[in-house]
1. Highest GNM mean-square fluctuation, the chain, Cα pairs closer than 10 Å: which of N105, N40, N127?
2. Could you tell me which GluC sites (Glu not before Pro) in region 1-89 are loop residues by DSSP with no more than 13 other beta carbons within 10 angstrom of their beta carbon?
3. Any chance you could run the full-extension gain for S173 through N127? It's 0.36 nm times the residue separation minus the Cα-Cα distance, nm to one decimal.
4. Where nothing but the Cβ of Lys and Arg (+1) and of Asp and Glu (-1) is charged, how large is the charge dipole of region 1-149 around its Cα centre, in debye to the nearest 20?
5. Looking at the chain, identify the longest residue range that excludes and avoids all trypsin sites (Lys or Arg not before Pro) in DSSP loops having at most 16 other Cβ atoms within 10 Å.
6. Counting only Cα atoms, I'd like the Rg/Rh figure for region 44-141, Kirkwood definition for Rh.
7. Using alpha carbons only, how many angstrom separate the centre of region 19-78 from the centre of region 110-158?
8. Hey, any idea what Rg/Rh is for the chain, computing Rh the Kirkwood way over Cα pairs?
Amino acid sequence: MTDKSSKNEPKIENIVSSAAIGKDIELMEVCKALDGVTYNKERFPGLVFKLKDPKTAHLIFSSGKLVCTGAKSIKDSKIAIHKTVDLMRTVDTEIAHEFDIKVQNIVASSKLDSNLNLEVIALEVPNTEYEPEQFPGLVFRIKDPKVVLLLFGSGKVVCTGAKTFDDAKVGVSKAKKQLAEMNLL
């Protein structure tokens, strides 16, 4: 499809999810079960594990908490966490099979139909910040859903802080509608 609605549909770039397996774990033992682990407790309190399929990175802490990043879908994020926990279970059979996974952040990108004059938008639109000396994008905070959009002069939009893909879509849509109504597109 090449219509504008599908062309400008946000695309998931990254999902950050977390899980708690409900028990403390011995990180040195987990290192033995996982290939490609980075662990230096003097530099960082958790270990870093990279999974190849789905391609994700995991932070694993001795408290039994895990953070997964890099997935391109919520489904892949959940699959990656379950695969990682299954590998951990080879050295600790008492790790529960049931645990909650929470989506912490969805980062999505989109493209508006035109270039943007960020200086004018910063002056005209409430809830925006623009400091080009520090960052080339304009920060646009949407209250409902609670997301932050980064707008760039090229018309590219990055949405962060979404908990669902629908939140990302609604956030981008609201910004586009507001900019259009103010003749800023």
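Please treat every number below as a calculation from the coordinates, not as lab data. Remember, predicted model here, so these are calculated numbers, not experimental data. Cβ coordinates were reconstructed from backbone atoms using ideal geometry, including for glycine residues, and neighbour counts include every protein chain displayed.
1. Among N105, N40, N127, the largest mean-square fluctuation in the Gaussian network model of the chain belongs to N40.
2. In loop regions of region 1-89 (DSSP not H, G, I, E or B), the sparsely surrounded GluC sites (Glu not before Pro) are E26, E42.
3. That works out to 15.0 nm of additional length.
4. So the magnitude is around 360 debye.
5. 90-142
6. That ratio equals 1.18.
7. 34
8. 1.09
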